Every structure is written in C-alpha cells, then in structure tokens.
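In what follows, a structure is listed as structure tokens, so that the remarks can point back to it.
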Number of protein chains: 2
Amino acid sequence: MMNRIPILKLEQYLLASIQIELDDQTALSFQEDLLNRIRDTGAKGVVIDLTSVTLIDSFIAKVLGDVIQMADLMGAKVVITGIRPAVAITLIDLGISMEGVLTALNLEQGLSKLKQELEG
Amino acid sequence: MMNRIPILKLEQYLLASIQIELDDQTALSFQEDLLNRIRDTGAKGVVIDLTSVTLIDSFIAKVLGDVIQMADLMGAKVVITGIRPAVAITLIDLGISMEGVLTALNLEQGLSKLKQELEG
C-alpha cells in the first residue's frame, strides 16, 4: 500500500515531515502532492523535514533533489531540515547537488530561515 | 496496513494534521503516539487538524474525545481545527463532550489560539 506524506499549510508556508521510510511510490506521490499544494495555496516556501529518515537510496535522493528544483521553478523556496549523517553521506556520494538548497537543524529553525529569506 | 499520523514539533507545540480517513487502529496508534510525544517533548499545547476528515464514526469520535482529556491530564492543551459540518454533527449526535475544548478554523488560527491561551 502506498503511504501519503501529509502536507501542512502554516501562514504562507508548507510543512512536510517525513516520518516513514520512503519507498519509491510514496516519494513520487509526495513530489506530485507537494507541487499541487504549492499551486493551490500559492505558498512561497516549503520546509521538508527529514529528521525521521534514517537512510535513502539513489532513487529517493533523486526524487528529493528534483522536487526542490521543481518547487523553485514554481516560485517556492525549499528548506530541508533534519538531515542525518547517513543521509548527508548518501546525498554527497551520489552527487546529488544540494547547491543553493537551504538547510536547517529542525522544523522551527527551517521556518525561521524561510521567513528570514522571504520576508527579509 | 496501519497508517501513522505524523506529529510535528514546532516551538513548544505539537501539530498533527489528519489527512486520511481514520480507521480504528490508526486512531488508537495516533492516541498513543501523541501522548508519547507530549511526554518526550514536554509540549504545552497540541493542534489536531481535522480539515481533511470528512466523516467519523462513534469509535473514532470517542478516541478523539479521549485523547483530548488524556493530553489535558498530561499538561498539554489541545485545539481542534478544521471540524467539518458532518463531523460536528456526528460529535454532537453521539454526545461526545467537547466542553472546554478549544477549536479554530485552521492550523494557523489554532496555533495563535494556543499561544494566546498559554502565553497570555
């Protein structure tokens, strides 16, 4: 069965906390859901929290890298929070470019980083 | 398969947005997860967002009513947001007491109601 990652709207931001290990189908539907929510809400920023994600494979890493760029194209800035060491290692090993991607330790720091970036 | 409702921590508050129809087992594990997170984080307030819940049965209604009282016993104030007409009707028809329960239209209004209540 496919899981769906809930996406919360708070002010002009979207929050998604990934608290399950992502399988391919869940990652793809998250990508689609997030882009739809950005369009529907006009959100200017997104925090994706990976605190509970302990490992990712190359497919998931690519989906995550893609969704950041796609959100950017749609005008929403993404902050990734809670990247664990193992996940960071995978991202770098796979050469997934996180250049220009905002990161923060946790959800609230991610939100304040977005506010800083977008509200000056 | 059982679903788990993700619970997000933001400052001293927990946010749970229920974006699937709740079955009995998911509702019970949500109850347990939420109480554990209150204990682990020392959260002073919880927002449970029901925007995407279109209907509930008597079992789910009781579990929700219970978790509000349990959270209260543990020192965390609960705000329920996004109650739809059909859900409101069910709660009243079933005699689930929502007396003293804070409610609000959506997540951000729920959060500001909590802040008002707890931070004065």
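Please find, within the range B:80-114, the residue that is surrounded by the most Cβ atoms within 10 Å (Cβ to Cβ) out of those that are without any contact (Cβ under 8 Å) to a residue 24 or more places away in the chain and among the charged types (D, E, K, R).
B:Glu108
Given the structure, is B:Leu55 at pLDDT 95 or above and hydrophobic (A, V, I, L, M, F, W, C)?
no
Do the conditions hold for A:Ile60, that is, is it in contact with a helix residue (DSSP H, G or I) (Cβ under 8 Å, 6 or more places away or on another chain), away from chain B (no Cβ under 14 Å) and not in a helix (DSSP H, G or I)?
The answer is no for A:Ile60.
Hey, any hits in the range B:36-51 for a residue that's at pLDDT 95 or above, out of contact with any Gly (no Cβ under 8 Å at 6 or more places or on another chain) and acidic (Asp, Glu)?
yes
Examine the range A:95-102 for a residue that is farther than 30 Å from B:Gln109 by Cα and within 14 Å of another protein chain (Cβ to nearest Cβ), and state whether such a residue exists.
No, that holds for no residue.
Would you pick out the residues in the range B:78-120 that are over 24 Å from A:Ala16 (Cβ atoms), touching a helix residue (DSSP H, G or I) at 6+ places or on another chain (Cβ under 6 Å) and part of a strand (DSSP E or B)?
Listed by number, the list holds a single entry, B:Leu102.
Could you pull out the residue among A:Leu73, A:Leu14, A:Leu28, A:Leu22 that is open to solvent by less than 10 Å² (accessible area, probe 1.4 Å) and not small (Gly, Ala, Ser)?
A:Leu14
The values are calculated or read from the model by the stated rules, or taken from the named source; none is laboratory data. The shown structure was predicted, so the numbers you read here are calculated from the model rather than taken from an experiment. Cβ sites come from the backbone with ideal geometry, for glycine too, and all protein chains shown count toward neighbours. Ligands, DNA and RNA are excluded from the accessible area calculation, which covers all protein heavy atoms including side chains. Shrake-Rupley method; radii C 1.70, N 1.55, O 1.52, S 1.80 Å.
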